[in-house]
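To start, the structure under review is shown below, and the notes come after it.
Taken together, the values in this text are just the output of simple stated rules run on the coordinates, not laboratory data. The structure presented is a predicted model; accordingly, all values stated were derived computationally and were not measured. Neighbour counts are summed over all protein chains in view; Cβ atoms, including those assigned to glycine, are modelled from backbone coordinates with ideal geometry.
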Amino acid sequence: MSRVITISREFGSGGREVGFRLAEKLGIPFYDKEIISMAAEDTNISEDVFHNHDEVIGNKERIDHDYVSVNPFSPLYEVPVSDQVFMAQSQIIKKLAQEGPCVIIGRCSDILVEDGFHVFICAGMKKRVERMLALEPQETARKMESRMRQIDQKRRDYYQYYSGNEWGNPRNYHLSLNSGKLGVEKCVDVILESLKLYEQ
């Protein structure tokens, strides 16, 4: 396997787990939140700022606290925090892709890694709510569904803003899978088989 695999996912679809298991089976690195730590180390922006602006775009009408103070000779000078976070993470993603095969979760990685194998994981709302309630049993189904819709909308806006493409549109990916229908393990198997065919 010689390609970087990127996985975009609906919240609660198990896309992160699919990516993790896929990386394990292929024996290659897996990157998700680790990208934040790496990007924070490469910049003078704190990791907390990265977490607060991860996969988030700033308001179109910028306000003062949406900027951070940086070296005035830096290319990041007076650039909105959300854009700084995107640029810093993009540099890390491109660097990781150059180092060799790996699995990268979200953050417009399918746009940044042009020769990668791009996957989108989705599932029906009912299945996603069930999955997340198993992980967070203290939450109500109604609140969880509301949270899912908000996070999906944030991801959709973020992807559209930085890529100009439609998040979740099958034409933008090599493979789109419904984990609610297939299950996580079957999704991993299908991706593995598809990779073999793609690389022939």
In nm, give the distance between the simple-model label positions of TYR198 and ARG149, each being 7 Å from the Cα along the Cα-to-Cβ direction.
3.3 nm
Computed from the beta carbon distance with a Förster radius of 35 Å, FRET efficiency for ASP189 and GLU114 to the nearest 0.05 stands at 0.85
What angle do you read, to the nearest 10 degrees and between 0 and 90, between the alpha-carbon axis of helix 184-198 and the longest principal axis of the chain?
90 degrees
With a Förster distance of 30 angstrom and the Cβ-Cβ distance between ASN178 and GLU99, calculated FRET efficiency to the nearest 0.05 equals 0.40
Arranged by the count of other C-beta atoms within 10 angstrom, fewest first, what order do GLU34, GLU199 take?
GLU199, GLU34
Measure nothing but the geometry: give the 0 to 90° angle between the long axis through the Cα atoms of 125-135 and the longest principal axis through the Cα atoms of the chain, rounded to 10°.
80 degrees
Relative to the longest principal Cα axis of the chain, at what angle does helix 141-163 sit, 0 to 90 degrees, rounded to 10?
60 degrees
So between GLU166 and ASN52, what do we pick up on full extension, going 0.36 nm a residue minus the alpha carbon distance?
38.7 nm
Per-residue ellipticity at 222 nm for the chain, helices alone: DSSP H runs ≥ 4 residues times -39500 (n - 2.57), over residue total, nearest 500 deg cm²/dmol?
-16000 deg cm²/dmol
What ranking do 134-145, 101-112 get when scored by the average of other Cβ atoms within 10 Å per residue, highest first?
101-112, 134-145
Give me the extension gain from ASP157 to ILE28: residue separation times 0.36 nm, minus the current Cα-Cα distance, reported in nm with one decimal.
43.4 nm
Taking neighbour Cβ counts within 10 Å as the exposure measure, how do ILE92, ILE28, ILE191 sort from fewest upward?
ILE28, ILE92, ILE191
